[in-house]
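Worksheet for the structure shown next.
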Amino acid sequence: MNTRLTRTVGLVSMLLAVVLGLAFAAQSTLRLFDDGTVCAKTGFWANAKLEGGLPVEAGVEASSSQARLCQHGPSFAQRAASVGDELAWGLFAVVALVVFALLLKAIVENGPFTNPAAQYLTRLGWVVTLGAPLTSLATGWSHAWLVESMAPVAGSNLRMDGPLELVVPGLAALILGKIMRQGVGMREDLEGTV
């Protein structure tokens, strides 16, 4: 096994996680405390002919029937929903990259077929398997609440927003980690009997 390549990929993953984490923290802090405009898109009025404009709240500007709603002077809750709508997947990527980098570190230090490597592979599987749907739900909920706060007539169109296909590799990593842990246990039992 090429430990130099594994160590390099692990280091790059951790550096990327740190950079993305700092970018997420800076971007979310700026969005939470910035009094600028918060925007969201909705397809609620798609292909509708509305006389006199769209029924939106005061201070909201709407453009086109495939509406892009922009709130001037948003509340703190609207700014927080905007962060959840646009930045949640960045936080998911940071957590997944950190666990992946720790997996590669365990492989370099202990070898690929060891208990620590199996444990980190299982953890990575759980992070991806549970993190993808939860992040998708958080993103969809934030977007739905943000649109509803600007245009109550649009209602709460709650949806899952994001690639749920990530659950499949997460389950694969989870299963492989459990198989590796069983294999490590069998190897240790065999070494103990010889």
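The values are calculated or read from the model by the stated rules, or taken from the named source; none is laboratory data. Here the structure is a predicted model, which means the values were calculated and not measured. Please note: Cβ atoms are built from the backbone with ideal geometry, for glycine as well, and neighbour counts cover all protein chains shown. When the accessible area is computed, the model is the full protein with side chains, heavy atoms only, and any ligands, DNA or RNA have been set aside. Shrake-Rupley method; radii C 1.70, N 1.55, O 1.52, S 1.80 Å.
For residue 34 and residue 168, calculate 0.36 nm times their separation in residues minus their Cα-Cα distance, and state this gained length in nm to one decimal.
44.4 nm
Accessible area per residue for the chain in Å², computed with a 1.4 Å probe and the full protein assembly in place, what is it?
Values: 11240 Å² over 194 residues.
Roughly 58 Å² per residue, with all protein chains present.
Rounded to the nearest 0.05, what FRET efficiency is calculated for residue 188 and residue 126 with R0 set to 35 Å and r the Cβ-Cβ distance?
Calculated value: 0.90.
Per DSSP H run of n ≥ 4, the term is -39500 (n - 2.57); total these for the chain, divide by its residue number, and report the mean residue ellipticity at 222 nm rounded to 500 deg cm²/dmol.
Dividing the helical sum by the residues of the chain leaves -24000 deg cm²/dmol.
Please compute the contact order of the chain in relative form: average sequence separation of alpha-carbon pairs under 8 Å and at least six residues apart, divided by the residue count, as a percent.
Relative CO of the chain lands at 23 percent.
Leaving ligands, DNA and RNA out of it, report the carbon-plus-sulfur percent of the accessible area of the chain at a 1.4 Å probe.
65 percent
If you place +1 on the Cβ of every Lys and Arg and -1 on the Cβ of every Asp and Glu, how big does the dipole about the Cα centre of the chain come out, in debye to the nearest 20?
On the way: 13 positive and 14 negative charges, 100 e Å.
Approximately 480 debye in magnitude.
Give the peptides 160-173, 178-191, 111-124 in descending order of average Cβ contacts within 10 Å, highest first.
In descending order of packing, they fall as 111-124, 160-173, 178-191.
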